[in-house]
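Asks: This structure is in structure tokens; I'll ask about it shortly.
The values are calculated or read from the model by the stated rules, or taken from the named source; none is laboratory data. If you're wondering where the values come from, they're calculated on a predicted model, not measured in any experiment. For neighbour counting, all protein chains shown are included, and Cβ atoms are generated from backbone atoms with ideal geometry for every residue, glycine included. Each accessible area value is taken on the protein alone, full model and side chains, heavy atoms only, with ligands, DNA and RNA left out. Shrake-Rupley method; radii C 1.70, N 1.55, O 1.52, S 1.80 Å.
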Amino acid sequence: MITMDDNYRFEDFGFFCEPGNNEDPSTPNYESITVAIPGRKGLWDFGDEVRERPFSYSLKIIDQFHMNMQRRVNELVAFLLDPYGKPREIKMVRDYEPDMHYMVKLNGPIVPSRAEEEFILKINFVANDPVKYANVENHEINWDSTLVTFDDSYSIDTLYVNDVTITSPQTVKTTINGTAIIPEFLIIGSGENVVIEGNGKSFSLGTFTNATFEVKGKDYEFIKDGQETFILGEFITLMPGTNEIYITGSNMNLNFSIKVRDQYT
């Protein structure tokens, strides 16, 4: 059913999933934001907020010797918790979609049913970040990669922008296979009045010499020479399909890269 942290399955702890008694939703939970306005029919719709994605698996124990049952439960619980006894984040890959994963945590107590004829427990997980992530980043999708196969859903047309040399205003392209994403940019070198623009948003690097900029969109971090600072402008969002990124400025001698891990609903 699922693989946890790349190496572990429920069978490794002495359990198997009951078929047909699990919850594995195709979408996360949504919350509609509405307001009732006196004198106006219906509700004013402010759209929907994406919330968490829950998962639930019903397990039966393989070992029917009662003296071993609690030991098996203890081993599974220890795996799901951190050293302080709190639910830890676990990488979860489903068998029918092996090229993508969620980051999940135990959600709620594990309450075994200790009926004499069978031993059943329910495991509830939650992905507070409901996004489904590709197992590889864009630079790992190529003909020589050992991390991808022809059965994976990644597109070999993904264009990885890596160490592109920029000495004059230039347009580079990158492809997004999943949903919209704020990528990671890496810019190393020198330039004057350098601006990076794409999809209606831009940020300025100003004038610099032998500097390194890391723009980490997912974490909304802008780092110059190892020190976090403020971004002058906005983080650029890449949309599904091919995106054009414009680099402008003068006296430029830059290495420019875009790193992306595709994400899906």
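Asks: Using a Förster distance of 22 Å, how high is the FRET efficiency between Thr165 and Glu137, based on the Cβ-Cβ distance and rounded to 0.05?
Replies: 0.55
Asks: Taking amide H positions as placed 1.01 Å from N in the peptide plane, with prolines and chain starts having none, which residues 5 or more places from Glu52, or on another chain, fall under 5 Å of its amide H?
Replies: Asn29
Asks: Also: Which entries in the list Lys86/Lys218; Lys41/Lys201; Lys41/Lys218; Lys60/Lys86 go over 30 Å, if you measure between the two C-alpha atoms of each?
Replies: Lys41/Lys201; Lys41/Lys218
Asks: If the convex hull of the alpha-carbon atoms of the chain is projected onto planes in all directions, what is the mean projected area in square nanometres?
Replies: 20.8
Asks: Run the accessible area of the chain with a 1.4 Å probe and give the carbon-and-sulfur part as a rounded percent.
Replies: 50
Asks: If you don't mind, another one. Cα-based Rg of the stretch 190-258 per 2.2 N^0.38 Å, rounded to two decimals?
Replies: Expressed relative to 2.2 N^0.38 Å, the Cα Rg reads 1.08.
Asks: Now a separate question. Please give, to one decimal in nm, the separation of the simple spin-label points placed at Asn210 and Gln227, each 7 Å out from Cα toward the Cβ.
Replies: Here the modelled spin labels are 1.7 nm apart.
Asks: Same structure, new question: Take the Cα atoms of the stretch 7-92, find their three principal axes, and give me the spread along each one in whole Å, biggest first.
Replies: 67, 33, 23
Asks: Under a 1.4 Å probe, what is the accessible area of the stretch 162-204 per residue, stated in Å²?
Replies: Accessible area per residue, the stretch 162-204: 43 Å².
Asks: Report, in degrees rounded to the nearest 10, the 0 to 90 angle that the Cα long axis of helix 66-80 makes with the longest principal axis of the chain.
Replies: The angle comes out at about 10 degrees.
Asks: Scan the stretch 20-121 for chymotrypsin sites (Phe, Trp or Tyr not before Pro) in coil per DSSP, keeping those whose Cβ has at most 14 other Cβ atoms within 10 Å, and list them by number.
Replies: Qualifying residues, ordered by number: Phe65, Tyr84, Tyr96.
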